[in-house]
Each structure stands twice: as structure tokens, then as C-alpha cells.
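Structure incoming, see below.
The values are calculated or read from the model by the stated rules, or taken from the named source; none is laboratory data. What you see is a predicted model; the values in this text were computed from it and never measured. Glycine gets a Cβ as well: all are built from the backbone with ideal geometry, and neighbour counts include every protein chain shown. Areas reflect the complete protein model, heavy atoms only, side chains present, ligands, DNA and RNA absent. Shrake-Rupley method; radii C 1.70, N 1.55, O 1.52, S 1.80 Å.
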Amino acid sequence: MEVDADTDSPSTSSEDKVLGSGSSSLSVSLHPLVIMNISDHYTRVKVQQGDSHPGPLIVYGALLGTQKGRSVEICNSFELVVSPSEQGPLLDKEYFSSKEEQFKQVFSSMEFLGWYTTGGTPTQKDLHFHRQISADNENILLLKLNPLARTSQLLPISVYESLIEIVSGEPRILFAQVSYTLATEEAERIGVDHVARVSVAGSTQSSAVAEQLSAQHGAVKMLYSRVRVILEYLKAVHAGELPKSHDILREVSSLCDQLPVLESQSFEKEFCSVCWAHPHAQIISHTHTHTQQTTDVLLVSYLASITKGLSTASEFVTKMNTVFDHHGIGRRGFRGLLF
């Protein structure tokens with residue numbers, strides 16, 4: 001789906017100083033995940049603040065993706081922390097750097113491409129924020145989503161590239177609007193289908209994800225009811241309200257024997273008494289709460305390492321398939337050797 005840039009030029013003088021007269025040859029691909037993240041960010045903040053927020057609500061975030069020459073693919077995003085000021089919003093650079101580093105550990109192939117915000121055409125405040133976030137990154141993009149737009153045919157999204165133009169004999173950073181293309185993957189199509197079906201007011205349709213979750217919920221609910229019946233029977237037999245049935249008790253005993261042997265107190269004591277060593281710091285748990293928090297943090301770190309390793313292995317397989325294709329060996333044959 002190709003979305004053309006709006007060629008209408010703004011008429012006010014303040015906007016003339018923000019939007020440049022030049023055009024951009026940049027090719028931008030936008031994933032639906034980014035749009036859903038921005039919409040969720042705006043909706044969540046709006047619900048939290050309610051009617052107490054004066055003026056239009058504006059949120060800020062960073063864009064991540066890949067770039068090859070003049071082709072840019074925006075794949076993901078995360079929220080930014082800003083503080084208000086008279087000149088405009090001030091970026092929390094420490095939080096931004098920390099968050100960017102965390103994303104790079106998990107998604108090593110992605111890089112910082114730009115930032116997003118909500119509203120109409122770019123303003124002087126947007127330009128002020130752009131200078132802050134582009135201090136260490138040149139030629140970054142600006143994505144603006146207008147949640148108050150009343151259009152049903154085109155997405156209320158505009159993408160801008162920062163260009164340097166000569167204004168009154170001085171070089172200035174201005175925005176040039178860029179056309180973009182929507183690019184989707186299988187997982188994103190499933191998510192978009194789910195959101196589109198369940199978000200329509202009064203709709204009786206359900207997505208494939210909702211149907212699968214409903215089936216799992218029904219199975220868990222049925223299992224819970226059956227276990228509760230067994231528990232109530234054992235309580236009644238223990239209290240003498242029902243006679244003992246050795247056949248039923250043997251069945252219950254056989255069912256319990258199939259479960260893994262696990263005593264909660266012994267498992268908790270053994271698991272929480274382990275001292276974890278970190279490559280950069282020695283973390284020794286002294287209390288149950290501290291140990292549990294340490295375990296959770298290290299578990300997330302290990303999962304990130306595993307994800308990074310799988311991504312590297314996938315890239316290796318892709319490259320090897322390309323090499324073997326050039327030598328006359330089919331892709332399917334090489335994947336058969338690996339898998």
C-alpha cells in the first residue's frame with residue numbers, strides 16, 4: 001500500500017520556517033507494529049490523564065529499524081521520557097541512551113532511525129525537540145500521527161526527513177515530507193487482524209487468536225472444575241461425610257503419582273538460596289525478595305542472549321543459503337542439511 005506525501009504547502013509563516021521547499025528521494029517502509037505502538041501510547045496516556053490535561057495531548061517516542069542506502073524500514077518503536085519547558089519538550093537523554101542500548105542487545109540488526117510524536121504538521125517545538133535528539137544522529141526521520149484526523153481512506157500519518165537548506169543566507173534544519181509504504185510480516189498480520197476485529201464496536205466477529213485463546217480458556221476452566229470435584233470428594237471422605245471408595249482413591253493416587261514430585265518449601269529454599277554471579281558484578285541474594293528480583297533480572301538477560309543467538313544463527317543460515325544458491329545448490333537442499 002503506497003501512501004503519497006501531501007504536496008499542499010502550509011500558509012503560515014511559522015510553518016514556512018519548519019517545512020522546506022525541497023523534496024526527498026528517501027524510500028520508507030513502515031510496519032503496522034509501529035502504528036499500533038503509537039496508538040497504544042497515545043490512548044494509554046489519554047486515559048490516564050483524562051480531562052485534566054490542558055490543550056492537545058502530545059506523546060513522544062523513538063523509531064527503530066534498518067537502513068540500506070536510501071531505503072529505510074521502520075520496524076519497532078519505544079516511548080521517550082520528556083519534561084515540559086518554555087522552549088518546548090526536553091528529552092531525557094539518559095533514559096533514551098539506556099533504552100536504546102537495551103533494544104540493541106535484543107535486536108542487534110536494528111538502529112535508531114528517528115522519533116515520533118502526535119499532532120498535525122510540524123511546528124517550532126517539533127524542530128526544537130528534533131535538534132535535541134539529532135545531536136548524535138544526523139538525518140533522522142520524524143513520524144507524526146494525527147489522532148484527531150477525520151479521514152477514513154488514508155492513514156493519518158506523515159513521515160518527514162530532516163534536510164539542511166539555506167534560509168536568509170543561513171543554513172537551517174527543515175523538514176521535507178516523504179512518501180511511505182506499509183510493509184507487514186506474518187506475525188504482524190495476525191496482530192492487525194485481531195485488533196481490527198475486536199476493536200469494532202458491536203462486532204460479533206472474532207480473530208483466530210481470540211478463538212484459540214477461548215479454546216484454551218475453556219480447557220483450563222474444565223480442568224479446574226474436575227480438580228475441584230476431586231478435592232471436594234477427598235475433603236468429604238476425610239470428614240466422614242461420604243464412604244470410602246478404594247477404587248476412586250486408587251485412581252486419585254495414580255493421578256497424583258503422574259505429577260512431578262515438587263515440594264514448594266523445599267524447592268523455594270533450594271532455588272532462592274543460589275548465589276548468582278554476574279560478569280560485571282557479584283550479586284549475592286540475602287533475602288527471598290532480593291533473590292527473586294535478581295533471578296527475574298538475570299532470566300530476562302539470559303532470554304535476551306538466547307534471542308540474540310537465534311537471530312545470529314538465522315542470519316548465518318540466510319547467508320549460507322545465498323552462497324550455496326550462487327554455486328548452483330538449491331536453498332531447500334542446504335536447509336535440509338541443517339534441519
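So Lys144 clears everything in (1) basic (Lys, Arg); (2) within 30 Å of Ile306 (Cβ to Cβ); (3) not in a helix (DSSP H, G or I) except one condition, right? Which one?
The one condition Lys144 does not meet is (2).
Please find, among Leu145, Leu141, Leu155, the residue that is of a type outside the set (Ser, Thr, Tyr), in contact with a Ser or Thr (Cβ under 9 Å, 6 or more places away or on another chain) and either open to solvent by 10 Å² or more (accessible area, probe 1.4 Å) or more than 19 Å from Asn76 (Cα to Cα) (or both).
Matching residue, one of Leu145, Leu141, Leu155: Leu145.
Also: Determine the pairs where a residue that is touching a residue at least 40 places away in the same chain (Cβ under 8 Å), located within region 172-186, has a partner that is open to solvent by 50 Å² or more (accessible area, probe 1.4 Å) and not in a strand (DSSP E or B) with Cβ atoms under 7 Å apart, the partner being 6 or more residues away or on another chain.
If the second residue must be open to solvent by 50 Å² or more (accessible area, probe 1.4 Å) and not in a strand (DSSP E or B), the pairs left are Ile173/Arg131; Ala176/Ser23; Gln177/Asp6; Ser179/Asp4; Thr181/Met1; Leu182/Met1.
In region 72-86, how many are free of Cβ contacts under 8 Å to residues at least 24 places away in the same chain and part of a loop (DSSP other than H, G, I, E, B)?
Within region 72-86, the subset free of Cβ contacts under 8 Å to residues at least 24 places away in the same chain is 81, 83-86.
Then drop every residue that is not part of a loop (DSSP other than H, G, I, E, B), which leaves 81, 84-86.
Summing the residues that are free of Cβ contacts under 8 Å to residues at least 24 places away in the same chain and part of a loop (DSSP other than H, G, I, E, B) in region 72-86 gives 4.
Do you know which residues across region 128-141 are touching an Asp or Glu at 6+ places or on another chain (Cβ under 8 Å) and either among the small types (Gly, Ala, Ser) or assigned to a loop (DSSP other than H, G, I, E, B) (or both)?
Of everything in region 128-141, just one residue is touching an Asp or Glu at 6+ places or on another chain (Cβ under 8 Å) and either among the small types (Gly, Ala, Ser) or assigned to a loop (DSSP other than H, G, I, E, B) (or both), namely Asn139.
Looking only at region 158-183, count how many residues are assigned to a loop (DSSP other than H, G, I, E, B) and either at pLDDT 75 or above or open to solvent by less than 10 Å² (accessible area, probe 1.4 Å) (or both). Give the derivation first.
Residues of region 158-183 that are assigned to a loop (DSSP other than H, G, I, E, B), as a first pass: 168-169, 179, 183.
When the remaining residues are screened for being either at pLDDT 75 or above or open to solvent by less than 10 Å² (accessible area, probe 1.4 Å) (or both), the result is 179, 183.
Residues in region 158-183 being assigned to a loop (DSSP other than H, G, I, E, B) and either at pLDDT 75 or above or open to solvent by less than 10 Å² (accessible area, probe 1.4 Å) (or both): 2 in total.
Taking region 295-315 on its own, how many of its residues are at pLDDT 80 or above and open to solvent by 80 Å² or more (accessible area, probe 1.4 Å)?
7
Hey, another quick one. What single numbered condition from (1) open to solvent by less than 30 Å² (accessible area, probe 1.4 Å); (2) farther than 21 Å from Thr123 by Cα; (3) part of a helix (DSSP H, G or I) fails to hold for Ile38?
(2)
Of the residues Val237, Val274, Val261, which single one is among the β-branched types (Val, Ile, Thr), at pLDDT 85 or above and either touching a Cys at 6+ places or on another chain (Cβ under 8 Å) or farther than 30 Å from Asp40 by Cβ (or both)?
Val237
Is at least one residue of region 88-101 assigned to a helix (DSSP H, G or I), farther than 17 Å from Phe175 by Cβ and open to solvent by less than 20 Å² (accessible area, probe 1.4 Å)?
As a first pass, look at region 88-101 and keep what is assigned to a helix (DSSP H, G or I): 93-101.
Pick out the ones that are also farther than 17 Å from Phe175 by Cβ and you get 93-101.
When the remaining residues are screened for being open to solvent by less than 20 Å² (accessible area, probe 1.4 Å), the result is 96.
For region 88-101, residues assigned to a helix (DSSP H, G or I), farther than 17 Å from Phe175 by Cβ and open to solvent by less than 20 Å² (accessible area, probe 1.4 Å): present.
For region 102-132, how many residues meet the condition of being open to solvent by less than 60 Å² (accessible area, probe 1.4 Å) and without any contact (Cβ under 8 Å) to a residue 60 or more places away in the chain?
11
Cβ-Cβ under 9 Å, sequence separation 6+ or interchain: first residue in region 33-48 and over 17 Å from Glu73 (Cβ atoms), partner of a type in the set (Gly, Ala, Ser) and outside any helix (DSSP H, G or I). Which pairs?
What qualifies is His41/Gly61; His41/Ser77.
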